[in-house]
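Report on the structure given below.
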Amino acid sequence: MFDKVRRRPAPRCATGLAVIVLTLGGLLSGGCGHAENMTQEGVGNPEQQKKEEEPGEVKPEENSLAEWEEDLEEGEPGTFTAEAMRGVSVVRDGEACFAVSYEPRVYKNSYDCWAISVPYQSMAVVDTEAMYAYFRILTEMELTSVEDMDITREQAGIEDSEDTVFVAYYSEQTAEGGQAEPDRGLLLRFGGEDAQGNRYVEAWGRLWLADGSSVEEIFDVDPYACILKVVSVVNVETVSKVTIDTGEEQYEMRIEPEAFLLGEQAVESEDFYALYTTLMSVFLEKELPREEWEAETASADRELLMSITYERNMEGAPKITQKYFAYDETYAAVQVNGRTFFLVSREALLQLREKIEGAFSAF
């Protein structure tokens, strides 16, 4: 469809559970944000700590897709690869079913700059390898012009179509990379099928035919397949305090200007980091049934098994609160900042609790 020349992928975020959980350097690395747009406060700054303690609902992270769709100059055929893409939104039958965008923040890890706003409200960690594989379905989809067929928009089923894909991309991407912000946008509006099962599509003010199987792959996107199966990853450099409540005991981890503390006990940085990494060792097992997302029935009137709260030391970095509720004998529902999308293993949660208790009892 677009530029099909094979290029060496531009440098991008590292992926894989092993990278996230086992490589502490990834957790400690600087963020991928725009430093000029955000101010980093020092660890232990009293004014910032006061801000952290102020109550209030943590709102979902804002994304840029609506602004890009409205403001970006329209692109041209053959001008981008998967590596040039900075965002995609997919609407099927008038309902948004998938949206992912590159949203750098100074408090994020280098591999955590992508955010799935639909359906996960930017509360999941993106698997960039899976995401780029999905992007390539779009860039490798071939379009055939139908200008010589005398087909109208109405005949092509475009007039009343509610199936669209919007792509934001950087038009000057090279093998070495490109700027974070997109400078072009492209709206694809899909209509009906021809006799061979191909789909009509409107783009750049013209009508085309696209391979039906490729179009089906695009609209059959599985958001869960595009995420890493971790609850969340919080850059330790952005954290001032972690509070763990097991229901029976409450534990506190703090990073002071010149000390790492478990409770009131100063510990070696290696011991602190080891326990911090362990907190992220509970993996997602599957999606919560979607009918339970809105009603929050997964957490309503259910036993709270454990909560972990990460308080931050950077302005703009949201407090992260994970709550684990009993779901059934096998699973616990995990709620992150009031939103519940996934289930985790109760056995893994029990093992985490035992590791936390063991770490604090050792000092």
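Of all residues in the stretch 312-350, those being of a type outside the set (A, V, I, L, M, F, W, C), over 18 Å from residue 299 (Cβ atoms) and without any contact (Cβ under 8 Å) to a residue 40 or more places away in the chain number 1. Note on the stretch 268-307: residues that are at pLDDT 95 or above and among the polar types (S, T, N, Q) amount to 4. Take the conditions (1) touching a Gly at 6+ places or on another chain (Cβ under 8 Å); (2) at pLDDT 95 or above; residue 115 misses just one of them, which is (1). Taken over the stretch 295-349, the criterion of being among the basic types (Lys, Arg) and either open to solvent by 20 Å² or more (accessible area, probe 1.4 Å) or part of a loop (DSSP other than H, G, I, E, B) (or both) is satisfied by 302, 319, 323, 339, 346. Put simply, of 172, 83 the only residue that is open to solvent by 30 Å² or more (accessible area, probe 1.4 Å) and either among the β-branched types (Val, Ile, Thr) or over 17 Å from residue 64 (Cα atoms) (or both) is 172.
Mind checking whether some residue in the stretch 153-165 is within 10 Å of residue 85 (Cα to Cα), in a loop (DSSP other than H, G, I, E, B), open to solvent by 60 Å² or more (accessible area, probe 1.4 Å) and among the charged types (D, E, K, R)? Before the answer, list the steps.
As a first pass, look at the stretch 153-165 and keep what is within 10 Å of residue 85 (Cα to Cα): none.
Among the residues of the stretch 153-165, not one is within 10 Å of residue 85 (Cα to Cα), in a loop (DSSP other than H, G, I, E, B), open to solvent by 60 Å² or more (accessible area, probe 1.4 Å) and among the charged types (D, E, K, R), which makes the answer no.
Is it true that residue 283 is open to solvent by less than 20 Å² (accessible area, probe 1.4 Å), at negative phi and under 27 Å from the mean Cα position of the chain (by Cα)? Considered against the rule, which asks whether it is open to solvent by less than 20 Å² (accessible area, probe 1.4 Å), at negative phi and under 27 Å from the mean Cα position of the chain (by Cα), residue 283 comes out as no.
Step by step: first the residues of the stretch 218-255, then only those that are of a type in the set (D, E, K, R) and assigned to a loop (DSSP other than H, G, I, E, B), then the one that is surrounded by the fewest Cβ atoms within 10 Å (Cβ to Cβ). Which residue is that?
248
Among the residues of the stretch 118-142, just one is part of a strand (DSSP E or B) and in contact with an Asp or Glu (Cβ under 8 Å, 6 or more places away or on another chain), namely 126.
Please verify whether the stretch 91-106 includes one or more residues that are open to solvent by 40 Å² or more (accessible area, probe 1.4 Å), within 14 Å of the chain's Cα centre (by Cα) and modelled with pLDDT of 95 or more. For the stretch 91-106, residues open to solvent by 40 Å² or more (accessible area, probe 1.4 Å), within 14 Å of the chain's Cα centre (by Cα) and modelled with pLDDT of 95 or more: present.
Looking at the stretch 140-161, can you tell me whether even one residue there is over 24 Å from residue 341 (Cβ atoms) and touching a Pro at 6+ places or on another chain (Cβ under 9 Å)?
Taking the stretch 140-161 first, the residues over 24 Å from residue 341 (Cβ atoms) are 140-161.
Now narrow it down to the ones that are touching a Pro at 6+ places or on another chain (Cβ under 9 Å): 143.
Taking every residue of the stretch 140-161 in turn, at least one turns out to be over 24 Å from residue 341 (Cβ atoms) and touching a Pro at 6+ places or on another chain (Cβ under 9 Å).
The values are calculated or read from the model by the stated rules, or taken from the named source; none is laboratory data. Quantities reported herein were computed from a predicted structural model and do not represent experimental measurements. For neighbour counting, all protein chains shown are included, and Cβ atoms are generated from backbone atoms with ideal geometry for every residue, glycine included. Remember, those area values only see protein heavy atoms, side chains included, never the ligands or the DNA or RNA. Shrake-Rupley method; radii C 1.70, N 1.55, O 1.52, S 1.80 Å.
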